[in-house]
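The values are calculated or read from the model by the stated rules, or taken from the named source; none is laboratory data. Remember, it's a predicted structure, so these values are computed and weren't measured experimentally. Cβ sites come from the backbone with ideal geometry, for glycine too, and all protein chains shown count toward neighbours. What goes into the accessible areas is simple: the full protein's heavy atoms, side chains included, and nothing from ligands, DNA or RNA. Shrake-Rupley method; radii C 1.70, N 1.55, O 1.52, S 1.80 Å.
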Amino acid sequence: MTSETSRPEPKRLFIKTYGCQMNVYDSERMRDVLRPLGYQPVETADNADLVVLNTCHIREKATEKVYSELGQIKKMKEAAGGRMTIAVAGCVAQAEGAEIMRRQPAVDLVLGPQAYHKLPEMVARASRAVGERLETEFETLEKFDALPKTREADGPTAFLSVQEGCDKFCTFCVVPYTRGAELSRPVDDIIFEARNLAAQGVREISLLGQNVNAWHGAAPTLRQAQGEGSQAEWGLGQLVRHIAKIGGIDRIRYTTSHPRDMDDDLIAAHGDTEAMMPFLHLPVQSGSNTILKAMNRGHTAEHYLDIMRKMREAQPDIALASDFIVGFPGESDKDFEDTMNLVREVNYAIAYSFKYSPRPGTPAADMFGHVPDDVATERLHALQALLWEQQRAFNASKIGQTIPVLVTGKGRLDGQMHGRSPWQQAVHFDAPASTYGQIVNVKIVGATLNALAGELAHAVEAA
Ligand code: SAH
Ligand code: SF4
Ligand code: F3S
């Protein structure tokens with residue numbers, strides 16, 4: 001038998017990803033685990049052999065989207081004479097389990113975020129119509145250990161999950177239930193993955209975790225002997241400094257952080273590590289201490305503002321980002337005004353705001369003080385207007401500057417490329433396709449709410 005004929009027959013794999021970047025990372029890893037079985041990614045669900053919906057449960061709308069998408073995919077499965085395996089993965093899978101198959105019987109498999117390494121086995125079982133079709137156990141490290149050690153990089157930027165899960169139990173949030181307890185991956189595994197990405201031309205790594213700054217790990221004794229930090233236990237700051245030493249990795253980001261885990265060493269790393277990008281996404285959710293308490297956030301507005309001040313001291317150029325929830329149970333006009341004042345004080349580069357969505361099984365879902373929908377909507381609009389004004393001003397402040405841009409792809413128009421600024425803004429400019437994957441100097445000439453426009457300043461590498 002030649003190696004040609006021993007290769008598995010190509011099968012078509014369609015993965016649709018909802019929710020946060022951790023799901024984006026997980027979808028990539030599902031592609032990696034299925035590749036040796038002959039699964040090739042395709043762009044649409046029709047005619048796919050295997051369709052995976054990697055779902056999000058964070059707000060009611062996110063969950064409902066999944067069921068309406070499943071309705072569409074069911075029709076495609078029927079049109080294909082039933083020759084399609086439908087898998088539901090991610091946080092809805094974890095939260096609703098077998099209920100998904102009851103609501104949509106066309107679904108063949110349900111697997112939670114810790115079960116992706118079992119996907120090949122489950123798909124095989126589904127095709128023989130035998131065995132378990134539900135995997136929602138929590139075994140996070142087993143998952144990481146069992147996934148392929150190498151990954152196929154897709155361009156000059158990559159996500160790398162270093163931490164999973166959450167023990168914070170904010171009263172509005174489903175994540176502790178869908179992703180399980182906080183768990184950090186070991187340093188050596190992370191470094192191996194980062195080196196592997198660098199070898200494939202990746203220049204920017206975003207370290208991911210539901211609480212990424214809660215990451216901690218044992219410092220390998222050998223490295224301690226070499227003088228890389230004296231503590232036996234590393235925090236995220238030391239991990240970032242270490243990854244920054246990998247040749248080819250010029251940019252490091254991390255998301256999302258929690259104020260309670262923001263230690264001084266991580267703040268210091270923003271000042272002393274060149275590869276650390278000047279961007280911090282630190283969700284505060286509310287500016288009212290009453291609401292923060294009811295949310296079980298474990299920090300006050302003052303504590304948060306203190307972190308932001310220290311961060312600006314360590315890195316004056318930093319872009320600050322956050323998430324907000326409006327209309328949390330009991331939120332008064334005064335509480336909301338506290339949020340507006342906090343926003344005015346911090347002055348954000350970008351922030352995401354959401355109307356509170358009660359989630360089944362979370363403590364806040366049973367709290368009194370329901371905020372009427374029209375009031376919540378009004379608050380959301382007022383907050384967004386302020387945040388967008390700040391975002392526009394932040395983007396406009398770059399006009400006239402020449403900045404290093406990592407070129408991440410071709411633009412919509414011929415001869416146009418796009419890339420990412422150090423502050424995570426999208427930048428569009430005319431440049432030859434050969435600049436792809438390089439860091440080039442771009443003079444910013446225009447700015448909108450969501451992007452910068454620039455001109456290539458000499459076709460030179462900036463870094
Ligand atoms: N781990 C991250 C948050 C992940 S969820 C953190 O702690 O910051 C992303 C955002 O969704 C949250 O920051 C919050 O603003 C929003 N969110 C979470 N649960 C929500 C709910 N029940 N209703 C509305 N927004 C919610
Ligand atoms: Fe959810 Fe709070 Fe955990 Fe973030 S810290 S994932 S908001 S419970
Ligand atoms: Fe959604 Fe799960 Fe991420 S609920 S935001 S996909 S951790």
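Data overview
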| item | result |
| --- | --- |
| Test: residue in region 280-302 that is out of contact with any helix residue (DSSP H, G or I) (no Cβ under 9 Å at 6 or more places or on another chain) and either of a type outside the set (D, E, K, R) or open to solvent by less than 20 Å² (accessible area, probe 1.4 Å) (or both) | yes |
| Residue among A232, A269, A198, A194 that alone is of a type in the set (A, V, I, L, M), surrounded by fewer than 22 Cβ atoms within 10 Å (Cβ to Cβ), within 29 Å of G419 (Cβ to Cβ) and touching a strand residue (DSSP E or B) at 6+ places or on another chain (Cβ under 9 Å) | A198 |
| The lone exception for K74 - which of (1) over 23 Å from the mean Cα position of the chain (by Cα); (2) in contact (Cβ under 8 Å) with a residue 40 or more places away in the chain it fails | (2) |
| Condition met for P120 (farther than 21 Å from G19 by Cα and either surrounded by fewer than 15 Cβ atoms within 10 Å (Cβ to Cβ) or touching a residue at least 12 places away in the same chain (Cβ under 8 Å) (or both)) | yes |
| Candidates G90, G97, filtered to the one that is within 16 Å of ligand 1 (Cβ to nearest atom) and on the phi > 0 side of the Ramachandran plot | G90 |
| Qualifying residue in region 10-27 (condition: farther than 23 Å from C173 by Cβ, of a type in the set (D, E), open to solvent by less than 20 Å² (accessible area, probe 1.4 Å) and part of a helix (DSSP H, G or I)) | no |
| Criterion violated by S353 - all others in (1) free of Cβ contacts under 8 Å to residues at least 60 places away in the same chain; (2) over 14 Å from W388 (Cβ atoms) satisfied | (2) |
| Scan of region 379-437 for residues that are among the basic types (K, R) and within 15 Å of T448 (Cα to Cα), ordered by number | R392, K398, R420 |
| Pair list, Cβ < 9 Å and 6+ apart or interchain, from region 47-66 residues that are in contact (Cβ under 8 Å) with a residue 12 or more places away in the chain and in the same structural domain as F14 (by TED's automatic domain parsing) to residues that are near ligand 1 (Cβ under 9 Å from one of its atoms) and polar (S, T, N, Q) | I58/S357; R59/S357; E60/S357; K61/S357; A62/S357 |
| Region 175-184 - residue that is in contact (Cβ under 8 Å) with a residue 40 or more places away in the chain and open to solvent by 10 Å² or more (accessible area, probe 1.4 Å) and, of those, nearest to ligand 1 (Cβ to nearest atom) | V175 |
| Among residues of region 406-438, those that are in contact with an Asp or Glu (Cβ under 6 Å, 6 or more places away or on another chain) and closer than 26 Å to T255 by Cα, counted | 2 |
| Condition broken by A126, with the remaining ones in (1) in a helix (DSSP H, G or I); (2) more than 16 Å from ligand 3 (Cβ to nearest atom); (3) within 28 Å of G361 (Cα to Cα) satisfied | (3) |
| Selection status of A321, within 30 Å of I439 (Cα to Cα), surrounded by 16 or more Cβ atoms within 10 Å (Cβ to Cβ) and within 16 Å of ligand 3 (Cβ to nearest atom) | yes |
| Close pairs (9 angstrom Cβ cut-off, 6 or more residues apart or separate chains): in the same structural domain as G369 (by TED's automatic domain parsing) in region 292-304, within 16 Å of ligand 3 (Cβ to nearest atom) and open to solvent by 60 Å² or more (accessible area, probe 1.4 Å) anywhere | N296/F169 |
| Condition met for G180 (under 30 Å from L292 (Cα atoms) and modelled with pLDDT of 95 or more) | no |
| Residue satisfying all of: in region 87-112; of a type in the set (V, I, T) and either within 12 Å of Y67 (Cα to Cα) or assigned to a helix (DSSP H, G or I) (or both); farthest from ligand 3 (Cβ to nearest atom) among these | V107 |
| Whichever residue in region 280-297 is within 11 Å of ligand 1 (Cβ to nearest atom) and of a type outside the set (S, T, N, Q) and, among such residues, is farthest from P259 (Cα to Cα) | M295 |
| Residue in region 324-354 that is farthest from P372 (Cα to Cα), counting only those that are among the hydroxyl-bearing types (S, T, Y) and crowded, with 16+ Cβ neighbours inside 10 Å | Y348 |
